[in-house]
Amino acid sequence: MKQIDILIIGAGISGAVLAERYASIGKKVLIIEKRNHIAGNCYDYIDKNGILVSKYGAHLFHTNEELVWKYVNIFSQWYPWEHKVIAHVDNKMVPVPVNITTVNRLFGSNITTEDEMKGWLNENRTPIENPKNGEEAVLNKIGPILYDKMFKHYTKKQWDKFPIELDASVLERIPVRTNYDDRYFSDTYQALPKGGYTQLFENILKHHNIDILLETDYFDVKDQYSGYEKLFYTGPVDRFFEFKHSLTEKLEYRSINFVSETVDAPFFQENSVVNYPGMEVDFTRIIEYKHFGNQISDKTTIVREFTVDEGEPYYPVPNPRNEMIYSQYKTEADKLLDVHFVGRLANYKYFNMDQAFKNALDLFSELETEITQKTAV
Ligand code: UDP
């Protein structure tokens, strides 16, 4: 058997970055990946309509981290893309995050300045110091009317929980704007990889020191591997420990059922993403991939997203109950000095893509500095 210095479970962002970093210092790396492709949930491909689509939902890259931005630029060219989201509310199409246009369209008001918008928010919001959950976070920012129209039911559909049952941080991902800015994110760098995410990952992993074993469940083959220096595990943390702390109380994840449809028309909707925060439909949003990068095709592909309990875990569910169960796994994980738990599922954290890149890069620096220091002593 080939020598392996570093064993990595999962070929998503965390796994790919660590593989590349270790390969670059001469380590022999093996990645074991359960799926039949690399790139984790960033995986994209050209579909039957000739459109680049993401298999696991739209991935919009945005970051303020210079280090991450420099790193991803080594492996792909990127084109600027400022993501926008429209929501279908009261039969109107309004911008998300809430801005001046959102309020004017929904309430027929005529706000034109930041001061007027701040005044509107002050009249409508329910000030709450240190919001303890998602409901308080939204009420504090925009008040009960917009909470009901745009957040309460969307969240129920997305998480099968009302915002009151989730950490404030989940809802705090969405800001409120007092101007006309209709961008979903406000980070310095907002871009998409020119050849798609799969190509980006191919380039990250293109190294003679990296081998990848696809369609292999690590837990089926783990006895065949030993003698490596380090193991990086990027899968669900509870799976690693055979769900031992979940016998009575299961660590929750949300999965998404993506229902794709070809529409025989140039376009289906006015924007790449349209959210449906109301109860009139049971999906959360419709993605029309053709908008990303202004792709050309006779037809268009749309994907409705239905969030579900069962299926591949995509989202951890941040709330005190899950945090408590996770902390039991974390205690076990911390004891395993040569196994590193990295990424969204292994850390049970709702990371954005750039945070996943950053954590993997930081972990590598941390571990390698340790080694350099030890060798120097
Ligand atoms: N959210 C909502 N209405 C919206 C958009 C978002 O209630 O129109 C809430 C919902 O709980 C969601 C959270 O805000 O899970 C974070 O939204 P984000 O767009 O960051 O979710 P992601 O794109 O990661 O699924």
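Listed by first and then second residue, the pairs with beta-carbon distance under 6 Å, at least 6 apart or on different chains, first residue in the range 34-59 and more than 17 Å from G343 (Cβ to Cβ), second within 16 Å of the ligand (Cβ to nearest atom) and in a loop (DSSP other than H, G, I, E, B), form an empty list.
Among the residues making up the range 27-61, those that are part of a strand (DSSP E or B) and closer than 25 Å to F268 by Cβ are D44, Y45, I46, L52, V53, S54, F61. Residues being within 22 Å of A58 (Cβ to Cβ), assigned to a strand (DSSP E or B), touching a Lys or Arg at 6+ places or on another chain (Cβ under 7 Å) and not basic (K, R) are represented in the range 284-297 by at least one member. Whether any residue in the range 231-251 is within 14 Å of T307 (Cα to Cα) and away from the ligand (no atom under 14 Å from the Cβ) is what I want to check. Checking the range 231-251: not a single residue is within 14 Å of T307 (Cα to Cα) and away from the ligand (no atom under 14 Å from the Cβ). Considering the range 272-283, and only residues there that are surrounded by 18 or more Cβ atoms within 10 Å (Cβ to Cβ) and in a loop (DSSP other than H, G, I, E, B), the residue that is farthest from the ligand (Cβ to nearest atom) turns out to be S272. The one condition from (1) closer than 24 Å to Y276 by Cβ; (2) β-branched (V, I, T); (3) not in a helix (DSSP H, G or I) that T178 does not meet is (1). Of everything in the range 44-58 that is surrounded by 21 or more Cβ atoms within 10 Å (Cβ to Cβ) and within 15 Å of the chain's Cα centre (by Cα), the residue that is nearest to T369 (Cα to Cα) is D44.
Checking the structure you have, find out if any residue of the range 12-26 is open to solvent by less than 10 Å² (accessible area, probe 1.4 Å) and assigned to a strand (DSSP E or B). So far as the range 12-26 goes, no, none of its residues is open to solvent by less than 10 Å² (accessible area, probe 1.4 Å) and assigned to a strand (DSSP E or B). When each of R173, R183 is tested for being within 30 Å of H291 (Cα to Cα) and within 10 Å of the ligand (Cβ to nearest atom), the lone residue that passes is R173. Identify all residues within the range 222-252 that are part of a loop (DSSP other than H, G, I, E, B), open to solvent by less than 30 Å² (accessible area, probe 1.4 Å) and more than 21 Å from L166 (Cα to Cα); write none if there are none. Selection gives T234, G235, F241.
Restricting to the range 122-140, name every residue that is open to solvent by 60 Å² or more (accessible area, probe 1.4 Å) and touching a residue at least 24 places away in the same chain (Cβ under 8 Å). Passing the criteria: only K132. The number of residues in the range 89-121 that are open to solvent by less than 40 Å² (accessible area, probe 1.4 Å), touching a residue at least 60 places away in the same chain (Cβ under 8 Å) and assigned to a strand (DSSP E or B) comes to 3. Selection of the range 329-372 for residues being of a type in the set (D, E, K, R), at pLDDT below 95 and not in a helix (DSSP H, G or I) yields only D338. The set of residues from the range 303-336 being surrounded by fewer than 19 Cβ atoms within 10 Å (Cβ to Cβ) and hydrophobic (A, V, I, L, M, F, W, C) comprises F306, V308, M324, A333, L336.
Residues in the range 132-164 that are away from the ligand (no atom under 11 Å from the Cβ), assigned to a helix (DSSP H, G or I) and either charged (D, E, K, R) or in contact with a Ser or Thr (Cβ under 6 Å, 6 or more places away or on another chain) (or both): E136, L139, K141.
Taken over the range 153-171, residues that are without any contact (Cβ under 8 Å) to a residue 24 or more places away in the chain and either open to solvent by less than 60 Å² (accessible area, probe 1.4 Å) or among the aromatic types (F, W, Y) (or both) amount to 1.
The values are calculated or read from the model by the stated rules, or taken from the named source; none is laboratory data. All of these numbers come straight from a predicted model, not from anything done at the bench. A quick note on method: Cβ atoms are made from the backbone with ideal geometry, for glycine too, and the neighbour counts reach across all protein chains shown. To get the accessible areas, we keep the full protein, side chains included, count just its heavy atoms, and leave off ligands, DNA and RNA. Shrake-Rupley method; radii C 1.70, N 1.55, O 1.52, S 1.80 Å.
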